[in-house]
Structure formats: C-alpha cells, structure tokens
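The values are calculated or read from the model by the stated rules, or taken from the named source; none is laboratory data. Keep in mind that this is a model prediction, so the values were computed, not measured. Glycine also receives a Cβ, built like all others from the backbone with ideal geometry; neighbour counts cover every protein chain displayed. Quick note on the areas: whole protein, heavy atoms, side chains included, nothing else; ligands and nucleic acids left out. Shrake-Rupley method; radii C 1.70, N 1.55, O 1.52, S 1.80 Å.
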Amino acid sequence: MLKNIIVTGGAGFVGSNFVRYVINNHPEVNIIVLDKLTYAGNRANLVGLPQNRVRLVVGDICNKELVDKLVSKTDAVVHYAAESHNDNSLLNPDPFIQTNIVGTTVLINACRKYNVRYHHISTDEVYGDLPLRKDLPEHGKGKGEKFTSDSPYRPSSPYSSTKASSDLLVRAWIRSFGLRATISNCSNNYGPFQHIEKFIPRQITNILSGIRPKLYGTGKNVRDWIYTDDHSSAVWKILTEGKIGETYLIGSDGERDNKEVLELILRIMGKPSNAYDQVKDRPGHDLRYGIDATKLRKELGWRPKHTDFKLGLKSTINWYTEHENWWSAEKDIVESKYAKNGQ
Ligand code: NAD
Ligand code: TDX
C-alpha cells in the first residue's frame, strides 16, 4: 500500500488537482509536492489542504541531490512537473528540453536507484494529430480513427517532442533497468486552477475582463476535453492497479472543435456567440486529438464521472468568476505577451 508519495509539479494545474483528489479520497496517503514554482506554479493552488499531509518542497526536478534525498524516502513518484504550454515552446524551447527531458531523467535515475514505483504523466500530443472528421457528432461519441497505446509517436511541437522524448526514456528504463513504471497519456484537461495562458481560462478571463476572446485561425481544430478530476481518478487507478511497464491512454470522449467551445463559453456567460476575434494561427497547429481509452476502461474498470461538458464548463466559469484574486495579477502580463505575438 502507498503511504508516502511525491507529486512533482503538484503546484501546477493538473498536479494540484491530483493532490486535492488524493487527499480527499485516500486518507492514508501523505504527499510531498516537489515544485520549482515557475510562472505556472502557485502556492495558492494548495491552499486549504491539511499541512500534516501535504508538504511543499520548492525545488527543481533537475537537482540530483535534492531528488535523490526525497526519492530515497518515498513509496512512489507521480511525475507531473513540466513546461506545458505549446505557444511558449514555439518562442523558446530551451526550458522544455531542460525540465521535460533532463528533469525526467533525474527522476527515473533516482527511482531506479531506490527501486521506487514511478508513474509518468504524459499527453496525447506525443502521437501528433489526426485528420479532422467532417461529421463531428454532437457529443463527440462518433467514429473515426483515435489514438491508442499502439499509435506511432509523431510529435509536432517543441513541447510535444520533449514529452515524447521523456516517454521514450521511461520506456527504455523499464526495459533496460527494470524500472517499476507506468505511463499515461491524457487529452486536454479543463477545470479550476488552470493557468490563464491556456485556451479555456484565457477566454473566460478575457470575457470577465472586458477583452474579446481570441480564436486561433478558423477554430476548426479539435481537442478531446476531459474534466481534470477524471484525469486524477484515472492516474490513481493506474498507480495502484496498473500493470508495470504498460501505457494507458486517458480520455472521456469529449471531442469538440475550438470554435464550438468558445461559442459555448460565450453563450453560458450571456454574450453573443460571435463576440470574439480570429487571430493568427499557431504554427504547426495540430488538427485533431482523439483518445481511445478502451484499455483503461476494460483492464482497470475506470470510468469518468464528469462527462457533461456544458456542466463542467459552467462550474469552471463559476470558479474563475469567484476567484478573480487568483488570476487578476497575471492577466495583463499574459495578454501583452500574446499581443506581441499577434494573438
Ligand atoms: P502547468 O504548467 O500548469 O504546471 C506545471 C508545474 O510544474 C508548475 O507547478 C511548475 O512550477 C512545475 N515545474 C515546471 N518546471 C519544473 C521543474 N524544473 N522542477 C519542478 N517543478 C517544475 O502544467 P499542467 O497543465 O498542470 O500539466 C502538468 C502535466 O500534465 C505535464 O506533464 C503535462 O504534460 C501533463 N498533461 C497536461 C494536460 C493538460 O491539458 N493540461 C493534458 C495531458 C497531460
Ligand atoms: O487563445 C487561444 N486561442 C486558441 O484558439 C489559445 C491559448 C489556444 N487556442 C487553441 C489552440 C488549441 O487548438 O485552443 C486549443 C487548446 O489550446 P491550449 O489550451 O494551448 O492547449 P493545447 O495546445 O491543446 O495543449 C494542452 O493539452 C495537452 C496542454 O496545454 C498541454 O500541456 C497538454 O499536453
């Protein structure tokens, strides 16, 4: 049984939601959050969690001595820490290479040394993109090719190529060194605590700030949205019941194109659904992601709970509306960076 775990990147969006999920659902588990607190990490993401069960260590996953010391005393490492934003990776790939590739290597070396269970958080973006489906159905449960754990690696951006590199390192450490590891590749998360540089929170906080939302290109690109709590429950399932050496894809049949998502946000927030600007497209912009999560559902019996996208979006909009203090100081900085880039 797992009693003490390290969650890297636990002060970021998906990591902090995982920490909260574990604290609320698994009273026997204590967590060390190892986080560098980059621009994307925020102490406030851990506010309200019991201090006797969650300890934040501010540090870099590339720091071998620190990682060695922490890993020597833990039962498992769940590795979320990353540079995570595609647009930033197009402006400067260097921190992506450092954290995502070098940082992961430091962690898996330490886990190998102490024979510690390791779970690697990755993304569907390592598989590149899928062709668009003309017949995108109302609730995304249509046919069409989807990613599986056998899909070839075809990353498009500096971000996704560094995530792909880290996945391959983990696979090699499993095969060559017997690392006790699993990998999960999840689709686009949404929910509370997501940095306002990302699509959904950027548009919500634009509207709340009186700024017109910004859609890249025509908005035909499709993302497979999952509520972040469902990602957390899947990761816990894999960590505790997954087969060592396996890769599991996580998704909840939430395919929608960006235009549709933006129009829904506008409608929920009481604005005309055409009240947005079309801006410069992202270079190399992946067209469509779609996850086939059959393996996770069949082999581990995982089921997502938050499959009503409109409901999830409403509660996310409420969260940003009620937590203006959490994001308002960052808003100008984020928007002026985008403006410089014509977006
Ligand atoms: P995020 O940018 O919100 O958070 C990343 C966290 O990692 C931050 O707290 C940051 O301070 C920390 N960090 C960055 N570099 C570090 C370093 N060198 N040492 C220690 N900590 C460091 O990212 P996110 O959206 O929460 O994504 C977390 C993980 O989940 C990433 O590995 C990402 O690839 C994966 N993922 C995210 C999504 C998504 O939709 N957000 C989907 C699939 C997979
Ligand atoms: O202002 C915007 N307008 C817009 O149209 C922004 C910020 C984005 N977009 C588009 C680009 C994408 O097609 O919205 C879509 C989603 O964009 P992001 O939120 O930047 O996410 P994406 O690039 O799809 O990657 C996300 O999901 C997979 C996470 O950031 C990654 O960390 C994760 O691996």
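The table for this structure:
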read-out: Percent of alpha-carbon pairs separated by more than 16 Å within the range 246-343; value: 73 percent
read-out: Spatial separation of Cα centroids for the range 240-279 and the range 176-232, in angstrom; value: 7 Å
read-out: Residue pairs, from the table 64/113; 220/337; 305/331; 310/340; 237/295, whose Cα atoms sit over 21 Å apart; value: 220/337; 305/331; 310/340
read-out: Rounded accessible area of residue 303 (nearest 10 Å², 1.4 Å probe); value: 140 Å²
read-out: Gyration tensor (Cα) of the chain, equivalent ellipsoid semi-axes in angstrom; value: 31, 22, 20
read-out: For the range 160-286, convex hull of alpha carbons as volume per residue, Å³; value: 118 Å³
read-out: Probe 1.4 Å, all protein chains present, accessible-area order of 337, 73, 146, largest first; value: 73, 337, 146
read-out: J(HN,Hα) series, the range 165-175, from Karplus relation 6.51 cos²θ - 1.76 cosθ + 1.60, nearest Hz, glycine and proline x; value: 4, 5, 4, 5, 4, 4, 4, 5, 5, 5, 5
read-out: Mean separation of Cα contacts under 8 Å, 6 or more apart, over the residue count of the range 1-143: relative contact order %; value: 24 percent
read-out: Solvent accessible area, Å² - residue 315, 1.4 Å probe, full protein context; value: 50 Å²
read-out: Given charges at beta-carbon only (K, R positive; D, E negative), |dipole| of the range 215-343 in Debye; value: 200 debye
read-out: By average C-beta atoms within 10 angstrom, highest first, the peptides 320-328, 190-198, 286-294; value: 190-198, 286-294, 320-328
read-out: Among beta bridges that DSSP assigns inside the chain, antiparallel share in %, nearest 5; value: 10 percent
read-out: Compactness of the range 183-256 as Cα Rg over 2.2 N^0.38 Å, two decimals; value: 1.36
read-out: Gyration tensor over alpha-carbon atoms, the range 34-100, equivalent ellipsoid semi-axes in Å; value: 24, 17, 9
read-out: Calculated log₁₀ intensity ratio I(q)/I(0) where the Debye formula runs over C-alpha points of the range 151-226, q = 0.12, 0.20, 0.23 Å⁻¹; value: -0.53, -1.03, -1.17
read-out: For the range 83-211, the spread of Cα positions along each principal axis, largest first, Å; value: 52, 37, 26
read-out: Relative packing of 216-225, 4-13, which averages over residues the other C-beta atoms within 10 Å, highest first; value: 4-13, 216-225
read-out: The range 161-203 - convex hull of alpha carbons, volume per residue in Å³; value: 97 Å³
